[in-house]
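Notes follow the structure.
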Amino acid sequence: MDKDDTILAASTMYYLQDMKMEAIAAHLHMSRSTVSRMLKEARETGLVEITLRPAPTRAPEVGRRISQRFGVETSVAPVNDSASTQERLEQVAITTARMVTGWFDSDMVLGVAWGTTLAAIAKHLSKKPTRGSSIVQLNGAANNRTFGVDYIGSLISRFGSAFDARVHLFPVPAFFDYAATREAMWHERSVARVLDVQRRVDIALFSIGALTGEVPSHVYSAGYLEPEDIETLDAEGVVGDVCTVFLRADGTYEDLSLNQRATGPTPKELKRIPRRVCAVAGDNKVEPLIAALHAGIITHLILDEQTASGVVAALDRTPTR
């Protein structure tokens, strides 16, 4: 067998018969490295052509439509129509972790909310050492059942470890029992110090909270709200929250009673942050996400293809504001 015939034989066994290089080498009485060189030559000479045929995706189009409607930078993670909510969340988490790692650098402050989506993002962070940087918790985590230290401390620490950054926890409840208590605590030096770090945030990272769904938002599933609170939210037309600040479908929030007791930054306060990154996955997040977009909270949106398609479909059913 001459060289061309040998290359053809090796290529046939490798690409059509799915044989391993070691098996091909044994069959042709040559080394594995020689087989590797032959396969490379087959590709370079055109004997073997590799063609990728990606599955049809709506991702670019739905992302473009959301960007045009709301003036946000939108990244849509393609997923199969059969993907579960958890699989969709993982794709969004992987994409978000990669993008935030690229944006965050030395002498910057990253503000991080907490919840199911943020916990998923934290698991996929890559190591990127920085100098003089900080991670600050954006909203309180304690409730009447737990201080939330283990949960939120672990989440925020993952970000701190990934970037070699100083961590600033926010030692307050998610919701105070009384608005007056919140007002008083904001003057305490230990709390005021963290609030000062929050005001210097360069990048805010958060998700959207939804009252229902296959993967419920942590604030609604972990005892942060009493049954009467849920009833109040429903009566006031609330569809979800951002950083435990509640929103109606049109993005309004100022007069909602529970927001007077919430410890997260309001949409007005979030808007002072240059880059506001929202990661979302799940059909139940469509309506609250649209509310957040109407509120102008988001500058960079990362979501899965199915959620993005749901947003576009919902917008098509309602008139332009």
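The values are calculated or read from the model by the stated rules, or taken from the named source; none is laboratory data. These numbers were taken from a predicted model, which means no experiment stands behind them. A quick note on method: Cβ atoms are made from the backbone with ideal geometry, for glycine too, and the neighbour counts reach across all protein chains shown.
Only one of the numbered conditions (1) touching a residue at least 60 places away in the same chain (Cβ under 8 Å); (2) within 27 Å of I152 (Cα to Cα); (3) crowded, with 16+ Cβ neighbours inside 10 Å is violated by A97, and that is (1).
Pairing each residue of region 23-37 that is of a type outside the set (G, A, S) with any residue that is assigned to a loop (DSSP other than H, G, I, E, B) and surrounded by 15 or more Cβ atoms within 10 Å (Cβ to Cβ), provided the two are 6+ apart or on different chains, yields C-beta distances under 9 Å for I24/M30; H27/M19. Would you call T116 more than 27 Å from A162 (Cα to Cα) and of a type in the set (S, T, N, Q)? Taking the combined requirement at face value, the residue does not satisfy it.
Is it true that some residue in region 73-82 is without any contact (Cβ under 8 Å) to a residue 12 or more places away in the chain, assigned by TED's automatic domain parsing to the domain that holds A292 and either in contact with a Ser or Thr (Cβ under 8 Å, 6 or more places away or on another chain) or part of a loop (DSSP other than H, G, I, E, B) (or both)? Working first, answer last.
Restricting attention to region 73-82, the residues satisfying the condition of being without any contact (Cβ under 8 Å) to a residue 12 or more places away in the chain are 82.
Adding the requirement that they be assigned by TED's automatic domain parsing to the domain that holds A292 leaves 82.
Checking the rest, the ones that are also either in contact with a Ser or Thr (Cβ under 8 Å, 6 or more places away or on another chain) or part of a loop (DSSP other than H, G, I, E, B) (or both) come to 82.
Scanning region 73-82, I find at least one residue that is without any contact (Cβ under 8 Å) to a residue 12 or more places away in the chain, assigned by TED's automatic domain parsing to the domain that holds A292 and either in contact with a Ser or Thr (Cβ under 8 Å, 6 or more places away or on another chain) or part of a loop (DSSP other than H, G, I, E, B) (or both), so the answer is yes.
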